[in-house]
Amino acid sequence: MFKSGTGYTRLGVNVDHVATIRQARGGQNPDPVEAAVLAELAGCDGITIHLREDRRHIQDRDLAILKRTAKTRLNLEMAATQDMIKIALDIKPHTVTLVPERREELTTEGGLEVAMNMDYLKKVTSLLIDAEIKVSLFVDPDLDQIKASHRVGANAVEIHTGKYAEAKTKARAEEEYGKIVNAAKVAQKLKLEVIAGHGLDYHNVRAIVEIPEIVEVNIGHSIVSRAVLVGMERAVREMKMAMGGLL
Ligand code: PXP
């Protein structure tokens, strides 16, 4: 979809859950690297992976190979720990998205607490930016967190769309959507690039893409779930269509 001023909404495909299926048997298949090739052939604009501390899905080997083979942009989601920062500085993905991480969670549950950790996140952000890695912070649609992201010097924010996606009633979804709209406006005013992600699917993505400030969405679970049934290329093409883009 094309929008005034900002152009086209990029689709980053998160291939973590291809690795989840592989890890269920501890073998080599299915390979998230092969899934990334197919997603790119189908027209996605970036590949996203989350290297978790417990290595439950994506492995260091996947990150190293994707750095060499991804033809679009490689976005590494990671916790802001010393170990992960070392890995990022060594591999140098196009983008690092800093996320909170708890071992017991099923998936990333909330946004990063930027406002309470400004000094540390400022240091981490400048270390990564000095290494020519773009830094995005995954935050709730909360104006304090957006303003803090600007103050720590991040290039972008990824607005957490989980509460919008999981809302059980139309009224709750509208309330959460309003917060995303406001957060996106404030972020753009502060010259942060505005990305969105978490829980987006073939039904709820269009409203997010229609927010003019949002230039990229990162989507994983819904695409990989569909790909299991219809194939990766078709699943990615159908997502581009759901976003309103023409291929
Ligand atoms: N963006 C971030 C920062 C995430 O942590 C995740 C989940 O790994 C996603 C996007 C993708 O979420 P989903 O798999 O629900 O599409």
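The values are calculated or read from the model by the stated rules, or taken from the named source; none is laboratory data. The model shown is predicted, which means the values in this text are computed figures rather than measured ones. When we count neighbours, we look across all protein chains shown, and the Cβ atoms used for this are built from the backbone with ideal geometry, even at glycine. Side chains are part of the model used for accessible areas, which takes the heavy atoms of the whole protein and leaves out ligands, DNA and RNA. Shrake-Rupley method; radii C 1.70, N 1.55, O 1.52, S 1.80 Å.
Results, tabulated for the structure shown:
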read-out: The stretch 187-226 versus the stretch 128-173: alpha-carbon centroid distance in Å; value: 11
read-out: Amide hydrogen neighbours beyond the local backbone of GLU193, cut-off 5 Å, H modeled; value: ALA156, VAL157
read-out: Cβ crowding within 10 Å averaged over residues, with 150-160, 113-123, 218-228 ranked highest first; value: 150-160, 218-228, 113-123
read-out: Per residue accessible area in Å² of the chain, where ligands, DNA and RNA are left out and the probe is 1.4 Å; value: 48
read-out: In Hz, Karplus ³J(HN,Hα) per residue of the stretch 59-65 (6.51, -1.76, 1.60; θ = phi - 60°; x = Gly, Pro); value: 10, 4, 4, 5, 4, 5, 6
read-out: Cα-based convex hull volume of the chain per residue, rounded to whole Å³; value: 121
read-out: 5 angstrom amide H check on ALA131, placed H, neighbours 5+ away; value: none
read-out: Karplus-derived 3J(HN,Hα), 6.51/-1.76/1.60, for each residue of the stretch 111-121, Hz, glycine and proline x; value: x, 6, 8, 7, 4, 8, 10, 4, 4, 5, 5
read-out: Computed over the chain: relative contact order in percent, which uses C-alpha pairs under 8 Å that are six or more apart; value: 20
read-out: P(r) of the stretch 25-137 over all Cα-Cα pairs, binned every 10 Å from zero, in whole percent; value: 13, 44, 34, 8, 0
read-out: Extension gain (nm, one decimal) between GLU113 and MET241, 0.36 nm per residue minus Cα-Cα; value: 42.7 nm
read-out: Other-chain or far-sequence residues with amide H under 5 Å of THR48's (modelled H); value: VAL13, ASN14, VAL15, ASN75
read-out: Percent accessible area from carbon and sulfur atoms, the stretch 59-104, protein chains only, probe 1.4 Å; value: 49
read-out: Extended-chain gain in nm, criterion 0.36 nm per residue less alpha-carbon gap, ARG55 and LYS92; value: 11.4 nm
read-out: Stretchable slack from ALA64 to LYS147, in nm (0.36 nm times residue separation minus alpha-carbon distance); value: 26.5 nm
read-out: Table column - 3J(HN,Hα) (Hz), the stretch 228-241, Karplus curve with 6.51, -1.76, 1.60, x for Gly and Pro; value: 4, 8, 10, x, 5, 5, 5, 4, 6, 4, 5, 5, 4, 5
read-out: Within straight-line cross-link reach of LYS163, lysines at Cα separation under 24 Å, skipping those fewer than 8 residues along the same chain; value: LYS147, LYS179, LYS185, LYS189, LYS240
